[in-house]
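The numbers here are math on the coordinates, done by the rules we state, and not lab data. Here the structure is a predicted model, which means the values were calculated and not measured. Heads up, the Cβs are rebuilt from the backbone with ideal geometry, glycines too, and the neighbour counts pull from every protein chain shown.
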Amino acid sequence: MRKLSEFGNEELRDIIPELTEWLQDRNWPIARSVEDLLLRFGEELIPYIQNVFKTRDSTWEYFMLTGLISRLPSEYLIMLKGDLERILENPTEDELLEKLDEVIIPLLNKIQ
């Protein structure tokens, strides 16, 4: 992780997809540090976050929602509103089991 923190934004930008994979489980010791690195990119993260939602991997979605996404400023959360509403209105069975609605409602309340 120390080596990654020495990377500039240009170097990190090239590996954002790989870095988001480290957020599949927030219990991994590196997860919080990876979030800190990714937060440098602000709006640029939105397509990568949306790609996670497209996987329909409810555990990964949960850890993204409770970690990185919860740390985003409201101006970026608004860009994810459609994705968040989709999970609330048309959740997969796994998203229901993961109780993503309990995490999403407070996020949506922040932007309404």
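Report the residues of region 22-59 in range of a label on Glu85: point 7 Å along Cα→C-beta, backbone N strictly under 18 Å from it.
50, 53-54
At 25 °C and 0.890 mPa s, what whole-number value in µm²/s does Stokes-Einstein give for the translational diffusion of region 2-110, with Rh from the Kirkwood sum over Cα pairs?
174
How far, in nm, would the chain grow between Arg32 and Thr55 when pulled straight, counting 0.36 nm per residue and subtracting the alpha carbon separation?
In short, 6.1 nm is gained.
Convert each backbone phi in region 12-17 into a coupling constant with the Karplus relation 6.51 cos²θ - 1.76 cosθ + 1.60 (shift: θ = phi - 60°), then list the ³J(HN,Hα) values in order as whole Hz, x for Gly and Pro.
Ordered by residue, 3J(HN,Hα) equals 5, 3, 5, 10, 4, x Hz.
Reachable lysines from Lys110, Cα under 17 Å, same-chain residues fewer than 8 places away excluded?
Reachable lysines: Lys81.
Using each residue's phi in region 81-94, evaluate 6.51 cos²θ - 1.76 cosθ + 1.60 at θ = phi - 60° and report the 3J(HN,Hα) Karplus result to the nearest Hz, with x for Gly and Pro.
3, x, 5, 5, 5, 4, 5, 5, 8, 9, x, 6, 4, 5
With a/c under 1.5 counting as rounded, go ahead and sort region 19-73 into rounded, prolate or oblate using the C-alpha gyration tensor (a ≥ b ≥ c being the square roots of the eigenvalues; past the cut-off, prolate if a/b is larger than b/c, else oblate).
Oblate, since a/c reaches 1.5 and b/c is not below a/b.
Around Val52, under 10 Å between beta carbons, what's the net of Lys plus Arg minus Asp minus Glu among the other residues?
Computed value for this residue: -2.
What are the ³J(HN,Hα) values, in whole Hz, obtained from phi via the Karplus relation 6.51 cos²θ - 1.76 cosθ + 1.60 with θ = phi - 60°, for each residue of region 106-112 in sequence order, with x given for Gly and Pro?
x, 5, 5, 5, 5, 10, 10
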